1. Among DSSP bridges having both ends in region 162-269, what percentage is antiparallel? Round to the nearest 5.
2. Would you mind calculating the gained length between residue 55 and residue 172 on full extension (0.36 nm times residue separation, minus the Cα-Cα distance), in nm to one decimal?
3. Using a Förster distance of 35 Å, how high is the FRET efficiency between residue 270 and residue 219, based on the Cβ-Cβ distance and rounded to 0.05?
4. Using modelled backbone amide H atoms (1.01 Å from N, in-plane), which distant-in-sequence or interchain residues come within less than 5 Å of residue 212's amide H?
5. Relative to the present Cα-Cα distance, how much length would full extension add between residue 76 and residue 189 at 0.36 nm per residue of separation?
6. Enter the per residue convex hull volume of region 162-269, computed from alpha-carbon coordinates, in Å³ rounded to the nearest integer.
7. Apply 1/(1 + (r/R0)^6) to the Cβ-Cβ distance of residue 146 and residue 88, taking R0 = 45 Å, and write down the FRET efficiency to the nearest 0.05.
8. What percent of all Cα-Cα pairs in region 56-125 falls into each 5 Å bin, going from 0 up to the bin containing the maximum distance?
Amino acid sequence: MASDRFDSFILTIRKGIDWLGFDRVLLFVLGAAVLGLLALGMGKSLYGGDENDARVTFFQIGTGSTGGTYFPMGEALAAVISRPPGSDPCIPGGRCGVPGLVAISKGSAGSVANARAVADGRLESALVQANVLEDAFHGRGAFDGEPPRENLRVIANLYVEAIHLVTARGLDINGVEDLKGLRVSIGSEGSGTRADAISILKAFGVSLTDIEPVSADASRSAELILSGNLDAYFLVAGAPARSIEDLAVRGAIDIVPIEGEPADRLRIDRTFYSNFIIPE
């Protein structure tokens, strides 16, 4: 039955995630969740179930920019769950994958774009921040005015994500309020970073008209910091983020804490947020 094939598919993905070593627990800051349509696989061969079955199913995983953590994570997931025809026999205790499945990691603008693409059937799955998923499901936040996307389902929680506020070294920036009048990247259109950056700025009484907003992904923001054309940027990513590590090694940045009464209120209003210390 189609439902049995779907259950087998989900179980294999979860085993692959466990094999990668992630803690499958509820996330308190932000979670990256692999999304799948409830009807995925109904009406097409999703799980052959036979080692010699030559049928192939392509399965896309929407990720993010190359400078964030989603892109390499999607590549790792794709490698773990893929099992094209002609693969070597499964080894007990090792990763096996889904027979006939070829998973493909695809770069994207980020969580908001990913949620829309999966719900609309343009992607089979994606990595999405937990709070963005909730907003998409209920039609609020970045999805305000859009119909609720109630066909989205979570396959697994993966890891905790941190909201980074990165500033060029040497600037007198001690908190979110100090961003007024500065050039600040709030993330690219369609990213979860952008949605969270706007929420945080609003909570601290900083409007987009108070700053010089820049739309750029993690890689571009890092380039702008190094060239002296950007003062600060937000990034939601699992720590450590590759682009931030590179800047830190060069001594080019500071990471500013997001704390105080506005942050406390935000955590109360949006339970997906909690205190988190980024390890050095």
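What follows draws every value from the coordinates through simple rules; no lab data is involved. If you're wondering where the values come from, they're calculated on a predicted model, not measured in any experiment. Cβ sites come from the backbone with ideal geometry, for glycine too, and all protein chains shown count toward neighbours.
1. 65
2. Working: separation 117, 0.36 × 117 = 42.12 nm, distance 5.97 nm.
That pair, residue 55 and residue 172, stretches by 36.1 nm at full extension.
3. The value I calculate is 0.80.
4. 181, 182, 183, 184
5. Values: separation 113, 0.36 × 113 = 40.68 nm, distance 2.52 nm.
That works out to 38.2 nm of additional length.
6. On the way: hull volume 10.0 nm³, N = 108.
It comes to 93 Å³ per residue, whole-number rounded.
7. About 0.50, to the nearest 0.05.
8. Using 5 Å bins, I get a P(r) of 4, 18, 24, 21, 16, 10, 6, 2 for region 56-125.
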